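The values are calculated or read from the model by the stated rules, or taken from the named source; none is laboratory data. Because the structure is a prediction, the values reported are computed rather than measured. No Cβ is skipped: glycine too gets one built from the backbone with ideal geometry, and neighbour counts run over all protein chains shown. Keep in mind that these areas ignore ligands, DNA and RNA; they rest on the heavy atoms of the full protein, side chains included. Shrake-Rupley method; radii C 1.70, N 1.55, O 1.52, S 1.80 Å.
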Amino acid sequence: MNVSDNGSQHPVLVLMGVSGSGKSTVAGILAGALKWDLQEGDDLHPPSNVEKMASGQPLTDEDRWPWLETIAEWIRDHTARHEPGIVTCSALKRRYRDVLVRGSEGHVVFVHLAGTKERISGRLNVRMDHFMPSSLLDTQMSTLESIEPDEHAIVVDVGPPPAAVAASIIAELERMRAV
């Protein structure tokens, strides 16, 4: 069913946060539990962005805009069809998040997976299968802009195991009557 019990459309969730915060892992658990479409935002990066990050260079806003527009189109496609979904995207700055919701206002919930630099750094140091080097964590942490009160968002601590993080997100969505 594409519409929640209260008659409103299910949202598209944007799992956001710095690299290593658990976006892909938690998104996979949520997609399985909710039976919603899942899009890994990193898979939508153009090859030039992946090469740049893999070489330890942070992306510029100019590098990010086409990628953000591609993700925003995925979100708009889902909201236009009244289909729930989950997409991962760092969405570190407010202006990036504004691009993602454009055309889908009221149907996007940002889920900020938040954690300390020490916790996330520890995760990055053991991760073997990702193009993003741990050397870019400082840049990401300094770029991250907090969720503002007018943004439709949930902030979740990434300290507990991923399944517990996903369960707390689902509980919050139920409280919001979004599932």
The range 45-61: number of residues that are assigned to a helix (DSSP H, G or I) and loosely packed, with under 14 Cβ neighbours inside 10 Å: 5
So ILE86, is it at pLDDT 95 or above, farther than 15 Å from LEU113 by Cα and not acidic (Asp, Glu): no
Among (1) open to solvent by 10 Å² or more (accessible area, probe 1.4 Å); (2) closer than 26 Å to ARG177 by Cβ, the one test that ALA72 misses: (1)
GLU105 being farther than 17 Å from GLN39 by Cβ, at pLDDT 95 or above and not polar (S, T, N, Q): no
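One line per residue, one yes/no per condition, for (1) open to solvent by 60 Å² or more (accessible area, probe 1.4 Å); (2) aromatic (Phe, Trp, Tyr); (3) in contact (Cβ under 8 Å) with a residue 60 or more places away in the chain:
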| residue | (1), (2), (3) |
| --- | --- |
| LYS23 | no, no, yes |
| VAL26 | no, no, yes |
| ILE29 | yes, no, yes |
| GLU40 | no, no, no |
| ASP43 | yes, no, no |
| ASP63 | no, no, no |
| PRO66 | yes, no, no |
Only listed residue being over 16 Å from PRO58 (Cα atoms), at pLDDT below 95 and open to solvent by less than 50 Å² (accessible area, probe 1.4 Å), chosen from ILE147, ILE169, ILE120: ILE120
Conditions (1) assigned to a helix (DSSP H, G or I); (2) modelled with pLDDT of 95 or more; (3) not polar (S, T, N, Q); number of the one not met by VAL14: (1)
